[in-house]
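One structure is given here, and the rest of the page talks about it.
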Amino acid sequence: METANQHRRDFIKTAAIGSLTGLTLLSACNDNDDEEDQKVSPPEDLMQEHGLLNRVLLIYDHCKGLLIDKQGFPMEALLNSAGIIRTFVEDYHEKQEENYLFPRFQKANQLTDLVQTLLAQHKAGRTITDELMQLTKSQNLTDTEKQQLITLLNNFNRMYRPHEAREDTILFPAFRKIVSHHEYDALGEEFENNEHKLFGKNGFEGMVEKVAGIEKSLGIYELARFTPGT
């Protein structure tokens, strides 16, 4: 009888240890899953930045409309927006694409025509931004300069909306297919490190706050104002 009881106690003890071990392993797996969920893939990172770009394009559209209607607005809003395009989009976001994505597509001989067009548009965009930043330094533009500004804003938006749409729907989805899983994950971490080196720990979030501040200064921050009928 004592032997049977001992066996039962040993069984319960073993089962308890097994349960605790299982819970520990499950907890560790869940922690790892949480870490994996928090990682941002290279395309996801770039697409988030396209969201910020789109908000600046909206600012450009709004300012262009005010110029056409001959309504005044703080020119520094446009200057600061162009500054964000220069520092965050052109000197960081596009450099990430040019240094990490485009060469891999060229090496794999995939989407090379698209890559060449995207590169040409990056160059054209920087030229437009140069001119925008030069013009918007003045608060007193002539009618000719205002017309030049309208043309620049129109050309920039007309190019960048299809530009980013092609990247989001063609280039970025294809990127996963031409790199290894390890390289894909490593690039995500490298993108994040580069962002923090250039813009501090707030990085992208800090830029979003700057864009929001410009939107508020122009009265276009509230999303509800874009709902038809409101």
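The values are calculated or read from the model by the stated rules, or taken from the named source; none is laboratory data. Since the structure is predicted, the reported quantities are computational estimates derived from the model, not experimental observations. Positions of Cβ are generated from backbone atoms using ideal geometry, with glycine treated the same way; all protein chains shown enter the neighbour counts.
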Flagged pairs (Cβ under 7 angstrom, 6 or more apart or on separate chains; first in the range 173-191, assigned to a helix (DSSP H, G or I) and among the aliphatic types (A, V, I, L, M); second surrounded by 15 or more Cβ atoms within 10 Å (Cβ to Cβ) and modelled with pLDDT of 90 or more) are 174/110; 174/111; 178/104; 178/105; 178/110; 187/100
Given the conditions (1) in the same structural domain as residue 183 (by TED's automatic domain parsing); (2) at pLDDT below 95, every one holds for residue 104 apart from (2)
Scanning the range 149-161 residue by residue, the ones that are surrounded by fewer than 16 Cβ atoms within 10 Å (Cβ to Cβ) and under 16 Å from the mean Cα position of the chain (by Cα) total 1
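Within the range 68-88, how many residues turn out to be of a type in the set (Asp, Glu) and surrounded by 13 or more Cβ atoms within 10 Å (Cβ to Cβ)?
Let us first name the residues in the range 68-88 that are of a type in the set (Asp, Glu), namely 69, 76.
Cutting the leftovers down to surrounded by 13 or more Cβ atoms within 10 Å (Cβ to Cβ) gives us 76.
Of the residues in the range 68-88, 1 are of a type in the set (Asp, Glu) and surrounded by 13 or more Cβ atoms within 10 Å (Cβ to Cβ).
Select, from 140, 99, the only residue that is without any contact (Cβ under 8 Å) to a residue 12 or more places away in the chain, not aromatic (Phe, Trp, Tyr) and not in a helix (DSSP H, G or I). Talk me through it step by step, then tell me what you get.
Values: 99 fails: not in a helix (DSSP H, G or I).
Every option except 140 fails the conditions.
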All-but-one check, residue 74 against (1) modelled with pLDDT of 95 or more; (2) touching a Ser or Thr at 6+ places or on another chain (Cβ under 7 Å); (3) closer than 30 Å to residue 149 by Cα, failing number (1)
Note on residue 93: of the conditions (1) modelled with pLDDT of 95 or more; (2) of a type outside the set (Asp, Glu); (3) more than 21 Å from residue 173 (Cβ to Cβ), unmet is (3)
Note on the range 34-66: residues at pLDDT 90 or above, more than 11 Å from residue 81 (Cβ to Cβ) and basic (Lys, Arg) are 64
